[in-house]
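> First, the structure itself, so that you have it in front of you.
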Amino acid sequence: MPRSRTSSIGFAALRIAPKILLAILVYGMPLLGFWVASSLAAYRGGATWLPLVVGLVAFPVAPLAWDAFAEYRRRRRGGGKERILTFGDRLLLRTFAITFTLLVVLLAARPELAFVALSTRGDWMFDDRRGGIAEKSRRALFAAAQGLEWLYLLAHENRFAELVDEDGEKPDFPEPGATGSAPASTGTASARPAPPPAPSPKPDGQAAAKPAAPVEWPAPSELHPLVRDMPPDAERSYEAVATYLREREHDPRQRVKALHDWIADRVAYDAVALADDTIPTQEARAVFDARKAVCAGYANLLKAMAQITGDEVVVVVGDARTEVDEVGGGGHAWNAARIAGKWLLIDVTWDAGHVSGRAFTKRYGTLYLFTPPEVFGIDHLPEQASWQLRATPLTRGEFMRQPMLGADFFVRGFRLERPDRSQVTVSDALDIALDNPRGQFVNASFALKGAARNPANRCAIQNGRTVTARCIFPTEGAYSVLLFANTQEFGTFDHIATLEAVKR
């Protein structure tokens with residue numbers, strides 16, 4: 001019985017379908033390669049047209065040249081057998097070989113940088129565009145970039161994670177939204193967390209042995225009285241310190257604050273060991289004896305002392321961003337404490353002072369003690385998403401797209417109006433606008449990324465209820481812009497934010 005016409009069409013479709021799918025894959029690969037290369041160029045401040053030229057070489061110039069050369073060699077050898085593959089098939093396979101190789105080399109050379117570039121500037125072609133199509137395309141591009149996070153994680157290493165003390169006990173991971181925090185930020189200025197109320201001063205003359213008032217964020221930058229007045233014989237060991245605090249402070253929030261205060265005040269950051277990559281053991285006892293540590297040591301010591309006081313504290317590892325980091329941040333370790341059934345976030349390292357090169361400057365603070373998750377999560381991204389303590393955790397790409405705003409930015413009452421991303425493209429200058437309800441004074445400076453800062457490179461500032469800054473960049477390239485604030489017009493200004501801009 002002859003086959004029906006319908007069956008013939010069906011078999012033909014089955015034969016053609018794989019070829020169509022292969023063609024889509026192969027000819028779509030140059031576009032993927034161009035997207036990766038151009039996003040890297042946009043992030044680094046390079047020319048986005050250069051990847052287009054390379055893409056045109058990869059397809060169709062190189063495949064056609066390859067086929068022409070192969071045909072030339074075949075004819076010089078006398079023609080040989082008739083070719084099995086058609087010209088279209090050969091072009092398809094050669095295009096696949098070339099573009100696949102280029103893409104693999106591109107991603108393998110700098111996988112971390114490629115992911116950061118795609119996650120922050122993968123939508124560079126829609127920089128100034130808003131509206132339905134642009135927003136849908138932007139979401140699709142960032143979703144595709146997020147699919148490459150595995151490549152980033154494969155190459156990314158947190159050297160502090162291996163220094164964290166493991167006691168064999170698994171922490172009771174919080175469920176998303178365990179703290180009742182606000183939904184995750186989308187990376188726009190309108191989604192920034194609201195500033196906290198101005199802190200009230202701590203009552204004077206508070207007796208050291210009495211429970212202190214509840215700790216709010218930010219707590220006054222004053223050492224807990226028990227830490228401030230602790231006798232020397234109570235500091236023979238970290239067990240002795242913890243026992244002293246346990247016996248005299250019965251409010252759990254104040255007790256954990258006292259532990260935080262003792263470590264932040266008594267332990268210096270080991271900047272030399274970090275710079276020389278000679279970090280010693282970060283076990284709690286070694287840190288206590290040396291009174292020096294890197295972030296893992298600070299976190300280990302807080303956890304060990306909390307075990308003595310009977311408080312539940314765990315070490316959290318992940319990435320954190322400072323004013324000198326790329327937008328993706330670097331390896332870090334911090335803590336979470338469960339008090340009255342609620343998880344709270346703590347970074348003792350950042351409350352101990354700051355590092356510049358091989359020098360550590362002590363500066364006790366409380367900005368990263370019980371910091372709200374929506375503020376803490378702007379510069380801290382834990383490996384375990386549940387430790388974000390958000391109702392909807394951020395993806396790594398969303399974390400990287402957030403402007404780099406420090407906790408002090410929110411304590412001072414600022415709200416970023418523009419830009420709304422960690423890095424943007426500008427034609428000449430970067431315009432910044434801050435809502436400034438408390439009348440703070442702001443200044444800003446800029447430098448090419450990776451270059452030394454020139455005091456002359458300052459942005460024009462207009463202070464007021466709305467602060468505006470205009471940073472005019474002299475040459476093309478990628479720039480970092482640092483914002484500083486003070487309650488007074490003159491004096492010491494504190495770093496509050498870092499923004500990045502690429503001038504073309």
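> Which value in nm describes the separation of the simple spin-label points at A451 and T361, placed 7 Å from the Cα toward the beta carbon?
In this crude spin-label approximation the distance works out to 2.4 nm.
> How do the peptides 100-112, 470-482 rank, highest first, by the average count of neighbouring beta carbon atoms within 10 Å per residue?
470-482, 100-112
> Quick one: dipole size for region 5-155, taken about the Cα centre, charges +1 on Lys/Arg Cβ and -1 on Asp/Glu Cβ, in debye to the nearest 20.
740 debye
> OK, next. Once you keep just the Cα pairs under 8 angstrom separated by 6 or more residues, what percentage relative contact order results for the chain?
Computed over the chain, the figure is 15 percent.
> Volume per residue, Å³, of the convex hull around the alpha-carbon atoms of the chain?
Measuring per residue, one finds 220 Å³ for the Cα hull of the chain.
> If a cysteine in the chain has no other Cys Cβ under 4.7 Å from its own Cβ, put it on the list, ordered by number.
Here C295 come out as lacking a disulfide-compatible partner, given the Cβ-Cβ threshold of under 4.7 Å.
> Say the dipole of the chain comes from +1 at the beta carbon of Lys and Arg and -1 at that of Asp and Glu; which of Y43, G88, L499 then lies farthest toward its positive end?
The residue sitting farthest along the positive end of the dipole is G88.
> Please report, in debye to the nearest 20, how large the charge dipole of the chain is about its Cα centre when each Lys and Arg carries +1 at its beta carbon and each Asp and Glu carries -1 there.
Rounded to the nearest 20 debye, it is 2960 debye.
> Something else: Enter the Cα centre distance for the pair region 374-391 and region 288-352, rounded to the nearest angstrom.
A separation of 13 Å, based on Cα centres.
> How long, wide and thick is region 41-156, going by the Cα atoms along their three principal axes, in whole angstroms, largest first?
Projected onto the principal axes, the Cα atoms of region 41-156 cover 58, 34, 25 Å.
> Which stretch or stretches of region 273-313 have amide N atoms under 15 Å from the point lying 7 Å from T243's Cα along the Cα→Cβ direction?
Only 305-310 pass the distance filter.
> Could you give the nm distance between label points at A140 and E235, where each point is 7 Å from its Cα heading toward the beta carbon?
6.2 nm
> So how much slack lies between A155 and T392, counting 0.36 nm per residue of separation and subtracting their Cα-Cα distance, in nm?
Full extension from A155 to T392 adds 82.7 nm.
Coordinate-derived values only; no laboratory data. Since we're looking at a predicted model, the values are computed, not measured. Using ideal geometry, Cβ is built from the backbone for each residue, glycine included, and neighbour counts are taken over all protein chains shown.
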